[in-house]
Amino acid sequence: MFNKVSVVSDRALRKQQQTRDHLAQAAIGLFDQNGYAATTMDQISTAADVARGTLYNHFADKDAIVAYWVDTQLAQGIPQLLHHVMTLSSFEERVTGVFEASAQWWQGHWVYIAPYLRHRFQQVQSNDAASGSDMLAVYERLIADAQDAQEIIATTPAPQLARYLHFLYLGAVMHALGNAGVSLSHELKQAAAFFLAGCRAPSAIPTHADQPARRHPSKTKA
């Protein structure tokens, strides 16, 4: 009986994801064709050939559709991204590599960054801003490995640090969006450096002995 229930549940989840994927693809097609602002939820349901109620059962608004589509696109690239960054030698290099890959992806999808951020920050009120983001699992993996290597503090659990890093990421993206001419790549590098400055393990902080000796200019005779 339990196996039968499990099979039915798995089938329902697969069908739900297939429906959401179908709706998101129909919406993105309309956004690309007509523009995000000009596209309505009614047009999306018509293009997807589903009832209006079905669309709203899966997505509350267009921003939610964009957030789902963006997270799906990013999730598809995670295995390859992790394979690459795990060849790097330090946590700083790895998280910077993840952020740089994200910046490059957003450059080709900049039109969707505002609705994505709106949806994510609306979820703050429900304490759910990180849900649905597969990147959170990536951050947690990198942080846990760095804690094992004593690169960053282990007194704070990796999942909690991952959420801090995720919010720094969102803040950097929001700052770049609201300031023309600001480089997203630069903002994300700053966010990574800020995070590392706050959680670097004491043993990983360079001591004075590790610093190159300062050379004082020789005094010249009068």
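Read-outs throughout are calculated quantities, based only on the coordinates presented, and are distinct from any laboratory measurement. Here the structure is a predicted model, which is why all the values come from computation and not from measurement. As a convention, Cβ positions derive from the backbone with ideal geometry for all residues, glycine included, and neighbour counts pool all protein chains shown.
So the values come out like this:
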read-out	value
Distant-in-sequence amide H partners of I152 (H built 1.01 Å from N, under 5 Å)	Q147, A201
Exposure proxy order (Cβ contacts within 10 Å, fewest to most) of E100, E151	E100, E151
Test item: Cα-centred dipole of the stretch 61-205, Lys/Arg +1 and Asp/Glu -1 on Cβ, debye	220
Relative pair counts by distance (%), Cα atoms of the stretch 1-59, 5 Å bins	4, 19, 23, 18, 12, 8, 7, 4, 3, 1
Neighbour-count order for L142, L136, fewest beta carbons within 10 angstrom listed first	L136, L142
Proxy reagent accessibility, fewest Cβ within 10 Å first, across W69, W110	W110, W69
